[in-house]
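Worksheet: one structure, shown below.
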Amino acid sequence: SESGNTYYRVVMIGEHGVGKSTLANIFAGVHDSMDSDCDVLGEDTYERTLMVDGESATIMLLDMWENKSEEEWIQDHCMQVGDAYLIVYSITDQASFEKASELRIQLRRARQTEDIPIILVGNKSDLVRCREVSVSEGRACAVVFDCKFIETSAAVQHNVKELFEGIVRQVRLRRDSK
Ligand code: GDP
Ligand code: MG
C-alpha cells in the first residue's frame with residue numbers, strides 16, 4: 001500500500017451483558033494471545049497494532065456504549081465516530097439478537113451515505129446448551145444486513161483474534177476498492 005501503518009477506530013455496540021467488555025479485555029491483552037502490546041487510553045478505549053496479512057494496522061477499540069451517566073450522548077457519538085463496527089449479541093439471548101438488528105438499522109440511518117464495515121458477532125459460543133440463536137439465523141441476519149458474521153467465545157478465546165483481524169480486512173477491502 002501507499003503509506004505504512006493505518007489507523008482504524010472500531011466501535012463495539014450491543015446489549016448489556018453480551019460480552020463486549022470481555023472481548024475488549026482480550027483485545028487489550030489482559031490474557032495475551034495476540035502479538036503486540038496494548039495501550040489503555042481510558043477505561044473504555046484500547047489501542048493496539050496488529051499485523052494482518054503482512055501489513056500493520058492500528059485499532060483504537062471503543063467500548064463505551066454503556067456509559068450509564070451520559071448514555072444518550074455517548075450512543076449518538078458512537079454512531080458517528082466509528083470507521084468500523086462490531087455489533088455484538090449473545091447466542092444465549094434472543095433479545096440481544098433482536099437488539100443487534102435494531103442497532104444495524106440505527107447505524108444505517110446515522111451514516112446513510114457511507115458503506116461502513118460491520119461484523120455481526122455472536123458471542124458466548126461456548127454455552128452450547130443455552131443456545132437460543134442458531135448459527136444459520138446469525139448468518140442469515142448478516143446477509144440481510146450486508147455485513148460479515150462470526151461466532152466467538154470470549155470465555156474460551158475462540159475466534160477473538162480472527163474477529164479483530166476480520167474487521168481490519170473489511171476496512172481494507174473498502175479502501176482498496178476506492
Ligand atoms: P458487556 O455488558 O457486553 O460488556 O458484557 P461483559 O463483557 O461484561 O460480559 C457479561 C458477562 O458474560 C460476564 O459475566 C462475562 O464473564 C460473561 N461472558 C462474556 N463473554 C462470554 C463468553 O464468550 N462465554 C461465556 N460463557 N461467558 C461470557
Ligand atoms: Mg461492558
**OP:** Take every Cα pair under 8 Å in region 53-178 that's 6+ residues apart, average their separations, divide by the length, and report that relative contact order as a whole percent.
**Re:** 23 percent
Subject >> Along each principal axis, Cα extent of the chain, largest first, Å >> reply: 44, 38, 36
Original post:
Cβ under 11 Å from GLY166's Cβ, GLY166 left aside: what net charge do those residues give with Lys, Arg +1 and Asp, Glu -1?
Top reply: +2
Original post:
Roughly what % antiparallel, to the nearest 5, for the DSSP beta bridges in region 81-178?
Top reply: 10 percent
**OP:** Measure up LYS68/LYS124; LYS99/LYS124; LYS68/LYS161; LYS124/LYS148; LYS68/LYS99 against 22 Å on the Cα-Cα distance and list the ones that go over.
**Re:** LYS68/LYS124; LYS68/LYS161
Original post:
For the chain, what is the mean residue ellipticity at 222 nm derived from helices alone (per DSSP H run of n ≥ 4: -39500 (n - 2.57); sum divided by total residues; nearest 500 deg cm²/dmol)?
Top reply: -11000 deg cm²/dmol
Subject >> Longest exposed-site-free window of the chain, the sites being GluC sites (Glu not before Pro) in a DSSP loop that have at most 13 other C-beta atoms within 10 Å >> reply: 44-113
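Read the figures in this text as sums done on the coordinates, not as results from a lab. Quantities reported herein were computed from a predicted structural model and do not represent experimental measurements. Cβ: placed from backbone, ideal geometry, glycine included. Neighbour counts: every protein chain shown.
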